[in-house]
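A short worksheet on the structure shown next.
Bear in mind that the values in this text are calculations on the coordinates, not laboratory data. Keep in mind it's a predicted model, so treat the numbers as computed, not measured. Cβ placement follows ideal geometry from the backbone for every residue including glycine, while neighbour counts extend to all protein chains displayed.
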Amino acid sequence: MPLRISGQDAAIRWGYHAAAVVRSWTVTREDGGSYVLAAAIVSSDAYRLSQRPLVFVAPHAKGAWRWPIEALQMTGASLTATLGPKE
C-alpha cells in the first residue's frame with residue numbers, strides 16, 4: 001500500500017546533536033516496503049552526518065516520527081535517504 005508523508009521542518013540527528021536541518025521533506029514507502037526520504041537542506045554539519053546512527057526526526061501535532069537512516073546521499077541543497085522501519 002503506497003504511503004506518502006510530507007512536512008516542512010525536520011531534523012537529522014546523531015544522538016542529541018543536529019546533523020542537519022531540513023525543510024520541505026517527503027517520506028515515501030516504496031513497493032518493497034522500504035522508506036525513502038527526500039528533503040531540502042537548510043543547514044548541515046558534515047562531520048555529524050558522517051557518524052552513525054543517524055535518525056530522521058519529523059515533528060507532528062502529538063510528538064515526532066522517528067526513522068533510522070540506513071543510507072544518505074546529498075546533492076547540492078537536496079538530500080535523499082533510505083530509512084529503516086519507523087521507531
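What the table shows:
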{"read-out": "Top positive-direction residue, dipole computed over the chain with Cβ charges, set A38, A10, L49", "value": "A10"}
{"read-out": "Where chymotrypsin sites (Phe, Trp or Tyr not before Pro) fall in DSSP loop in the chain, at most 11 other Cβ within 10 Å", "value": "Y16"}
{"read-out": "Dipole magnitude of the chain, debye to nearest 20 (Cβ charges: Lys/Arg +1, Asp/Glu -1, about Cα centre)", "value": "200"}
{"read-out": "In the chain, trypsin sites (Lys or Arg not before Pro) in a DSSP loop with at most 15 other beta-carbon atoms within 10 Å", "value": "K62, K86"}
{"read-out": "Ascending count of other beta-carbon atoms within 10 Å, so fewest first, for T82, T26, T75", "value": "T75, T26, T82"}
{"read-out": "Calculated P(r) of the chain - Cα pairs past 15 Å, %", "value": "53"}
{"read-out": "L3 paired with R23, simple spin-label distance in nm, labels 7 Å along Cα-to-beta-carbon", "value": "2.8"}
{"read-out": "For the chain, built as a Gaussian network whose Cα springs stay under 10 Å, the top-fluctuating residue of G15, G32, G63", "value": "G32"}
{"read-out": "Fewest-first ranking of H60, H17, using other Cβ atoms within 10 Å as the exposure measure", "value": "H60, H17"}
{"read-out": "Residue-count net charge about A18 - beta-carbon cut-off 12 Å; Lys, Arg +1, Asp, Glu -1", "value": "0"}
{"read-out": "Between the range 56-87 and the range 1-18, the Cα center-to-center distance that results, in Å", "value": "4"}
